[in-house]
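Participant: Below you'll find the structure I mean.
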């Protein structure tokens with residue numbers, strides 16, 4: 001579902017059947033701009049509410065915070081200290097939108113899917129481009145903040161159950177009034193739940209880190 005006027009890609013129901021909590025952290029409390037070691041933004045997801053509490057939930061990561069930094073789930077990483085450097089940032093906000101083409105009859109061919117366990121959490125790690133880090137002109141002692149946006153708090157496909165349970169099953173695009181699962185010439189298929197019946201809830205919106213002493 002698409003938001004109207006505020007740039008949001010998804011507009012979930014006001015009373016969704018499923019709520020997933022999102023937490024943002026970083027792979028390290030410090031970042032050395034001169035290092036070649038990867039630095040990650042980490043998004044953790046857990047089930048907050050579900051009509052079937054003992055079931056895992058599988059969903060598409062297309063255009064949400066579980067899918068990477070290429071959509072508008074994340075703001076640019078901004079300098080918070082010293083305040084005189086507040087204009088400095090690591091640019092991760094995408095410029096323009098990529099154009100996507102997908103096969104609605106078999107979404108597995110186009111999108112990635114993950115499973116959030118019934119009891120526990122799913123962790124996804126998104127690497128910050130070292131070129132972008134180098135371009136920011138970071139200095140030791142500065143503090144930076146990464147943050148989630150409200151633009152992509154949903155999914156285009158979800159279902160109760162795990163990827164393991166759905167092995168060999170095609171994921172079809174959801175259509176109101178159509179049978180949710182069945183079989184055709186292409187084999188077994190599953191449409192899942194209505195996309196607006198799942199919402200992400202941001203439990204921890206920001207993550208801060210410090211620029212460490214650079215190695216000469």
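Laboratory data are not the source of any read-out in this text; all were calculated from the coordinates shown. Treat the numbers as computed from the prediction; the structure is a model and nothing was measured. Positions of Cβ are generated from backbone atoms using ideal geometry, with glycine treated the same way; all protein chains shown enter the neighbour counts.
Participant: How would region 77-120 be classified by its alpha-carbon gyration tensor: rounded, prolate or oblate, with rounded meaning a/c under 1.5 and the a/b versus b/c comparison settling the rest?
Facilitator: Oblate shape, in that a/c is at least 1.5 and b/c is the bigger or equal ratio.
Participant: Moving on. Full-extension gain between residue 109 and residue 203, please, as 0.36 nm times their residue separation minus the C-alpha to C-alpha distance.
Facilitator: Between residue 109 and residue 203, full extension yields an extra 30.7 nm.
Participant: Determine, from the Cβ-Cβ distance of residue 36 and residue 14 and an R0 of 45 Å, the FRET efficiency 1/(1 + (r/R0)^6), rounded to the nearest 0.05.
Facilitator: The formula returns an efficiency of 0.45 here.
Participant: Mind pulling the per residue volume of the convex hull built on the Cα atoms of region 1-92? Å³ is fine.
Facilitator: 162
Participant: Under the definition of Cα pairs under 8 Å and six or more residues apart, what whole-number percent is the relative contact order of region 49-108?
Facilitator: So the answer I get is 23 percent.
Participant: Is it possible to state the helix-based mean residue ellipticity at 222 nm for the chain, with each DSSP H run of 4+ residues giving -39500 (n - 2.57), the sum divided by total residues, to the nearest 500 deg cm²/dmol? What is it?
Facilitator: Computed ellipticity for the chain at 222 nm equals -500 deg cm²/dmol.
Participant: Something else: What distance in nm lies between label points placed 7 Å from Cα along the C-beta direction at residue 210 and residue 48?
Facilitator: Taking the two extended label points, one gets 3.2 nm.
Participant: Relative contact order for the chain: what is it in percent, counting Cα pairs under 8 Å that are at least 6 residues apart?
Facilitator: Relative contact order, the chain: 34 percent.
Participant: Using Cβ contacts closer than 10 Å as the measure, can you line up 172, 95, 8 from fewest to most?
Facilitator: The order, fewest Cβ neighbours first, is 95, 8, 172.
Participant: Below 8 Å between Cα atoms, with a sequence gap of 6+, how large is the relative contact order for region 68-179 in percent?
Facilitator: Answer for region 68-179 is 40 percent.
Participant: Tell me which label goes with the value of semi-axes √(5λ) of the Cα gyration tensor in Å computed from the coordinates here: [x] 38, 25, 14; [y] 36, 17, 16; [z] 28, 19, 16.
Facilitator: Answer label, from the structure shown: [y].
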